[in-house]
Amino acid sequence: MDKSTTTTPLLSTPWHRRFRLKTTLSSELSGAVGDLGTYIPIVLTLTLVSHLDLGTTLVFTALYNVATGLLFDIPMPVQPMKSIAAVAVSESPHLSVPQLAAAGLSTAAVLLILGSTGLMSLLYRFLPLPVVRGVQLSQGLSFAFSAIKYIRYDQDLATSKSGAPRSWLGLDGVLVALFALLFLVLTTGAGDNPTYTVNEETENESFRRRRVSERLWLLSSIPSALIVFLIGMLLCFLRNPSAFKGLEFGPSKISLVRITWKDWKIGFFRAAIPQIPLSILNSVIAVCKLSGDLFPDREASVMKVSVSVGIMNFVGCWFGAMPVCHGAGGLAGQYRFGGRSGLSVVFLGIGKLILGLVFGNSFGRILGHFPIGILGVLLLFAGIELAMACRDMNTKEESFVMLVCAAVSLTGSSAALGFGCGILLFLVLKLRQMECSGNSGFPKSSDDDETTGIIP
């Protein structure tokens with residue numbers, strides 16, 4: 001079947017089925033926090049640098065989580081637009097909230113147009129699969145590299161720079177992160193589901209395999225990521241108990257953001273232009289391909305994901321909420337830690353909504369003391385899970401295109417540049433294999449009968 005027309009069953013699936021657990025409750029709860037390794041650092045950075053209102057962002061992203069969880073019926077993540085956040089922090093002067101909103105709205109408008117007109121589906125249909133895998137690989141490795149920095153070095157979130165090597169001891173020391181890493185490896189393994197296959201074997205071998213399978217199932221049922229996150233919240237209190245004394249109860253005051261013509265120009269040219277290709281590639285195309293890999297019966301529709309990003313930002317950015325998108329890394333992280341249905345992100349949305357309504361913007365004082373090393377551990381697993389989606393590149397040609405695309409993306413820090421090089425390389429390789437009419441005496445390449453690598 002043509003995957004460009006494959007849609008998430010938004011209307012065909014009865015609503016009551018979307019409230020059914022597809023795994024254990026503990027696994028869904030654990031998967032709910034699988035993407036916080038990227039969410040928390042970026043939100044905190046924008047709160048410190050651009051004076052983003054954390055309470056407003058928590059409330060709106062909570063609503064997005066609940067809506068997307070129910071509509072897509074998979075743990076569809078809601079994450080910050082990373083390129084916009086990078087520009088807001090790294091360039092001087094820093095972007096203001098109206099400029100952030102203008103950048104988010106500009107990006108949302110492009111995705112909304114591409115999705116509603118069918119152009120995004122057309123693009124997805126004809127994109128070579130090795131190029132998509134290259135984008136996924138580069139994003140996954142980028143997450144993993146950032147995660148290692150979080151674990152090994154002190155982080156200045158206000159400048160997004162690494163500092164001195166992190167102390168081994170202490171409540172945010174390297175040992176704390178390593179213990180969290182060891183705990184997650186012991187409970188979740190490599191991320192595969194424990195299975196038991198019956199083969200011809202002796203009674204003792206059968207008993208031993210069954211015992212191992214039962215132990216692995218018991219370990220995988222532990223909400224490991226949730227436990228690690230709750231330990232991180234406890235360490236927030238132990239690191240600075242006075243941070244809890246200054247909490248103010250009640251939601252933030254939500255008001256309409258006034259965006260001037262100057263804000264539109266700065267937001268579009270400085271932040272939206274580098275964000276648009278990243279959103280198209282990672283927030284729509286890569287996330288839809290990954291959803292098909294992880295949930296073959298519930299692959300997300302390219303059109304609906306693109307429109308979803310547009311609608312979310314057109315709702316929230318006008319009120320000062322952080323520009324958001326869907327991301328393949330977030331989906332990989334939530335799946336890695338047990339999320340198997342939309343209820344996983346619904347639970348996350350409920351938690352965000354409670355925090356946003358009860359503590360408002362003052363909750364940032366607590367998150368500011370969250371151990372960065374633990375966030376690095378969560379981010380590491382999400383990045384590796386996303387990168388492992390590329391293991392289906394079976395031919396040397398496919399691997400070559402994928403690796404060149406990933407290498408250029410990582411070196412140039414630009415998914416768009418890597419994507420362009422990957423497309424060009426793919427076309428050159430196919431041109432090389434074409435049979436010219438004037439040289440019919442040459443034999444065809446043996447690769448002519450192989451798969452083209454285009455997403456079917």
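Would you be able to say whether some residue in region 371-386 is touching a residue at least 12 places away in the same chain (Cβ under 8 Å), within 30 Å of Ile254 (Cα to Cα) and outside any helix (DSSP H, G or I)?
Initially, region 371-386 is screened for residues touching a residue at least 12 places away in the same chain (Cβ under 8 Å), giving 371-386.
Within this subset, residues satisfying the condition of being within 30 Å of Ile254 (Cα to Cα) are 371-372, 375.
Within this subset, residues satisfying the condition of being outside any helix (DSSP H, G or I) are 371.
The answer is yes, given that some residue of region 371-386 is touching a residue at least 12 places away in the same chain (Cβ under 8 Å), within 30 Å of Ile254 (Cα to Cα) and outside any helix (DSSP H, G or I).
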Enumerated helices (runs of 4 or more DSSP H) restricted to region 139-252, each holding at least 3 residues that are at pLDDT below 85: 203-220
Which of (1) outside any loop (DSSP other than H, G, I, E, B); (2) modelled with pLDDT under 95; (3) open to solvent by 10 Å² or more (accessible area, probe 1.4 Å) does Ala88 not meet, given it meets every other one? (3)
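Of these, Val97, Val110, Val78, which one is modelled with pLDDT of 95 or more, aliphatic (A, V, I, L, M), closer than 27 Å to Ile350 by Cβ and open to solvent by 20 Å² or more (accessible area, probe 1.4 Å)?
Numbers: Val110 fails: closer than 27 Å to Ile350 by Cβ; Val78 fails: open to solvent by 20 Å² or more (accessible area, probe 1.4 Å).
Only one candidate passes the filter, namely Val97.
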Give the residue, chosen from Ala147, Ala158, that is within 27 Å of Ala271 (Cβ to Cβ) and open to solvent by 30 Å² or more (accessible area, probe 1.4 Å). Ala158
Do any residues in region 204-231 that are touching a residue at least 12 places away in the same chain (Cβ under 8 Å) have Cβ atoms under 7 Å from those of residues that are open to solvent by 40 Å² or more (accessible area, probe 1.4 Å) and aromatic (Phe, Trp, Tyr), where the two are at least six apart or on different chains, and which pairs are they? Arg209/Tyr196; Arg210/Tyr196; Ser213/Tyr196; Ser224/Phe183; Val228/Phe183
Hey, Leu105 over 18 Å from the mean Cα position of the chain (by Cα) and open to solvent by less than 20 Å² (accessible area, probe 1.4 Å) or not: yes
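Go through region 235-249 and give me each residue that's surrounded by 12 or more Cβ atoms within 10 Å (Cβ to Cβ) and either of a type in the set (Phe, Trp, Tyr) or out of contact with any helix residue (DSSP H, G or I) (no Cβ under 6 Å at 6 or more places or on another chain) (or both).
Here is the first cut: in region 235-249, the ones surrounded by 12 or more Cβ atoms within 10 Å (Cβ to Cβ) are 235-237, 239-240, 243-244, 247-248.
Result: Leu235, Phe237, Arg239, Asn240, Phe244.
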Quick check, is Leu278 under 17 Å from Ile42 (Cβ atoms), open to solvent by 10 Å² or more (accessible area, probe 1.4 Å) and in a helix (DSSP H, G or I)? yes
Would you be able to say whether some residue in region 16-39 is of a type outside the set (S, T, N, Q), within 20 Å of Gly320 (Cα to Cα) and at pLDDT 85 or above? yes
A careful count of residues in region 46-72 that are open to solvent by 10 Å² or more (accessible area, probe 1.4 Å) and of a type outside the set (A, V, I, L, M, F, W, C) gives 4
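Looking only at region 356-363, decide whether some residue is polar (S, T, N, Q), touching a residue at least 40 places away in the same chain (Cβ under 8 Å), in contact with a helix residue (DSSP H, G or I) (Cβ under 7 Å, 6 or more places away or on another chain) and open to solvent by less than 10 Å² (accessible area, probe 1.4 Å). Give the derivation first.
First, the residues of region 356-363 that are polar (S, T, N, Q): 361-362.
Then drop every residue that is not touching a residue at least 40 places away in the same chain (Cβ under 8 Å), which leaves 361-362.
Pick out the ones that are also in contact with a helix residue (DSSP H, G or I) (Cβ under 7 Å, 6 or more places away or on another chain) and you get 361.
The next check asks that each one be open to solvent by less than 10 Å² (accessible area, probe 1.4 Å); those that pass are none.
Looking for residues that are polar (S, T, N, Q), touching a residue at least 40 places away in the same chain (Cβ under 8 Å), in contact with a helix residue (DSSP H, G or I) (Cβ under 7 Å, 6 or more places away or on another chain) and open to solvent by less than 10 Å² (accessible area, probe 1.4 Å), one finds none in region 356-363, hence no.
With respect to Arg336, determine if the residue is open to solvent by 10 Å² or more (accessible area, probe 1.4 Å), within 15 Å of the chain's Cα centre (by Cα) and in contact (Cβ under 8 Å) with a residue 60 or more places away in the chain.
The answer is yes for Arg336.
In region 260-275, which residues are part of a helix (DSSP H, G or I) and open to solvent by 30 Å² or more (accessible area, probe 1.4 Å)?
Scanning region 260-275 gives Trp261, Lys262, Trp264, Lys265, Ile266, Phe268, Phe269, Arg270, Ile273, Pro274.
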Within the group Ile350, Ile366, which residue is under 30 Å from Lys245 (Cα atoms) and open to solvent by less than 10 Å² (accessible area, probe 1.4 Å)? Ile366
Pair list, Cβ < 8 Å and 6+ apart or interchain, from region 159-184 residues that are touching a residue at least 40 places away in the same chain (Cβ under 8 Å) to residues that are open to solvent by 80 Å² or more (accessible area, probe 1.4 Å) and assigned to a loop (DSSP other than H, G, I, E, B): Val174/Trp168
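The values are calculated or read from the model by the stated rules, or taken from the named source; none is laboratory data. Not measured: the values here are computed from a predicted model. FYI the Cβ positions are ideal-geometry reconstructions off the backbone, even for glycines, and counts take in every protein chain you see. Protein only, heavy atoms only, side chains kept; ligands, DNA and RNA dropped before computing areas. Shrake-Rupley method; radii C 1.70, N 1.55, O 1.52, S 1.80 Å.
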